[in-house]
Amino acid sequence: MREGRVVRAISGFFDVFDDGQVRRCRARGVFKVKGTTVLVGDFVRYEPVGAQEGIIREVLPRRTELIRPPIANVDHVVVACSFVTPDLSFYMLDKTLLQASVAGVEPTIAFTKADLVSPELASATVELYRRLGYEAVAVAAKQGEGVSVLRARLQGRVTVLAGPSGAGKSTLANALAPGISFKTGEVSEKIGRGRQTTRHVELVRLDDATWMADAPGFSQLQVPVASREVRLHFPEFRPLAQECAYRDCLHLDEDNCAVKRAVEEGHVPAPRYMSYRQLYEEAREQELNAYS
Ligand SMILES: Nc1nc2c(ncn2[C@@H]2O[C@H](COP(=O)(O)OP(=O)(O)O)[C@@H](O)[C@H]2O)c(=O)[nH]1
Ligand SMILES: [Mg+2]
Ligand SMILES: [Zn+2]
C-alpha cells in the first residue's frame with residue numbers, strides 16, 4: 001500500500017499524486033464507512049494497479065475540511081478583495097475571514113487592483129487590517145506589485161483562493177504560478193449556458209510542498225458557525241471582551257460593553273463592527289431556521 005495526495009476528483013475517479021506521478025484511482029470500501037468521502041486534498045492509502053491506475057483503500061485523518069469548496073487539508077486561504085469592480089466590500093471580506101477562521105485556515109488578504117486607486121488609499125486599507133491582526137498586502141497583478149510577498153506566503157502550504165467573481169483570483173493565480181494557466185472559471189460559467197461547466201476543484205502543484213487550489217465556481221468559503229461563536233473569530237474583540245460587564249457579552253445590546261465603547265472611540269473600525277452584527281444575525285437566522 002502506498003500513500004498519496006488527491007489532487008483532482010472527476011466523476012468517480014480521483015487523481016492521486018505520489019512521488020512525482022499522478023495515478024487515476026477509484027475508491028473501494030472507503031465509502032462503506034458512513035459519512036466517509038474522498039475529497040481533493042485528502043491523503044489516502046492506495047494500491048497501485050498497473051502503471052497509471054490504483055484503488056484508494058483509506059482516507060487519512062484531515063487537518064482541515066472546507067465544505068465549499070469541498071477540499072481537505074488546506075492550511076492557507078488568500079482572500080482576494082478588489083478595490084474596484086467589484087467595489088471593496090468590508091462585509092464580504094469580513095465574512096470570508098470569519099469562515100477561514102472557523103475552518104481553522106489561516107488567511108492572507110490580497111487587496112487587488114491597487115493600481116486603480118491612490119497609493120494612499122491602498123496602504124491605508126492594508127494598514128487597517130494589519131492593525132486588526134491580519135496579514136494583508138496590496139496587489140497590482142499586472143505590475144507585479146505584492147506578488148512576490150504573496151508567493152513567499154504560499155511556500156510549503158496548501159492554499160485556496162477565495163473572493164467574489166471579478167476580484168482577480170485567476171489573474172493572481174497566474175501571476176503567482178507563471179507557466180500554469182488557471183482557467184477563468186467564472187467567465188465561462190456565464191457564457192456556458194446549459195453546458196456542464198468546470199466546477200471541479202483541482203490542486204495545482206507549485207513544488208512538492210506547495211499547492212494551490214483552483215476552485216472555479218466556488219467564490220466563497222462556506223462553513224457553518226454558531227451565532228454565539230462569531231465574536232470569537234474577530235481577533236480584535238478578544239482583549240476587549242475581558243473588560244465587558246457581562247462575561248458572556250455578545251457585544252450587541254448589552255450595557256457596559258467594551259467592544260461597543262471601542263467602536264465609539266474609533267479603536268475598532270465601525271464597518272468591522274457592522275460586519276460583526278450582520279454576521280451574528282445571519283448565523284442566528286440559520287439556527288432559528290434549523291430548529292423550526
Ligand atoms: N487593473 C487591474 N485589473 C485587474 C487586476 N487583477 C485582475 N484584474 C482584472 O479584473 C478582471 C477579473 O479578473 P479575474 O482574474 O478573472 O477575476 P476572478 O473572477 O476573481 O478570477 C479581469 O478583467 C482582470 O484583467 C489588477 O491587479 N489590476
Ligand atoms: Mg476566475
Ligand atoms: Zn461586549
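The values are calculated or read from the model by the stated rules, or taken from the named source; none is laboratory data. On a predicted model such as this, the values are computed, not experimentally measured, just so you know. Neighbour counts run over all protein chains shown; Cβ positions are idealised from the backbone, glycine included. Each accessible area value is taken on the protein alone, full model and side chains, heavy atoms only, with ligands, DNA and RNA left out. Shrake-Rupley method; radii C 1.70, N 1.55, O 1.52, S 1.80 Å.
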Out of the stretch 255-267, which residues are surrounded by 15 or more Cβ atoms within 10 Å (Cβ to Cβ) and touching a Lys or Arg at 6+ places or on another chain (Cβ under 9 Å)? Val259, Val263
When every residue in the stretch 181-203 that is open to solvent by less than 80 Å² (accessible area, probe 1.4 Å) and more than 14 Å from ligand 1 (Cβ to nearest atom) is compared, the one modelled with the lowest pLDDT is Gly192
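Could you say which residue among Leu161, Leu116 is more than 14 Å from the chain's Cα centre (by Cα) and in contact (Cβ under 8 Å) with a residue 24 or more places away in the chain? Write out each step before concluding.
Details: Leu161 fails: more than 14 Å from the chain's Cα centre (by Cα).
Selected residue: Leu116, the only one of Leu161, Leu116 that is more than 14 Å from the chain's Cα centre (by Cα) and in contact (Cβ under 8 Å) with a residue 24 or more places away in the chain.
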Which one is farthest from the chain's Cα centre (by Cα), of the residues in the stretch 11-49 that are part of a loop (DSSP other than H, G, I, E, B) and surrounded by 18 or more Cβ atoms within 10 Å (Cβ to Cβ)? Val38
For the stretch 227-279, which residues satisfy the criterion of being among the β-branched types (Val, Ile, Thr) and near ligand 3 (Cβ under 9 Å from one of its atoms)? Val259
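Per-residue answers, yes or no, for (1) more than 16 Å from Ala100 (Cβ to Cβ); (2) part of a loop (DSSP other than H, G, I, E, B):
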{"residue": "Val225", "(1), (2)": "no, yes"}
{"residue": "Arg228", "(1), (2)": "yes, no"}
{"residue": "Leu232", "(1), (2)": "no, no"}
{"residue": "Phe237", "(1), (2)": "yes, no"}
{"residue": "Ala245", "(1), (2)": "yes, yes"}
{"residue": "Asp248", "(1), (2)": "yes, yes"}
{"residue": "His251", "(1), (2)": "yes, yes"}
{"residue": "Asp255", "(1), (2)": "yes, yes"}
Are any of the residues in the stretch 50-60 touching a Gly at 6+ places or on another chain (Cβ under 8 Å) and assigned to a loop (DSSP other than H, G, I, E, B)? no
Odd one out for Ser219, checked against (1) part of a loop (DSSP other than H, G, I, E, B); (2) assigned by TED's automatic domain parsing to the domain that holds Ala283: (2)
Residues within the stretch 73-127 that are on the phi < 0 side of the Ramachandran plot and either in a helix (DSSP H, G or I) or of a type in the set (S, T, N, Q) (or both), tallied: 31
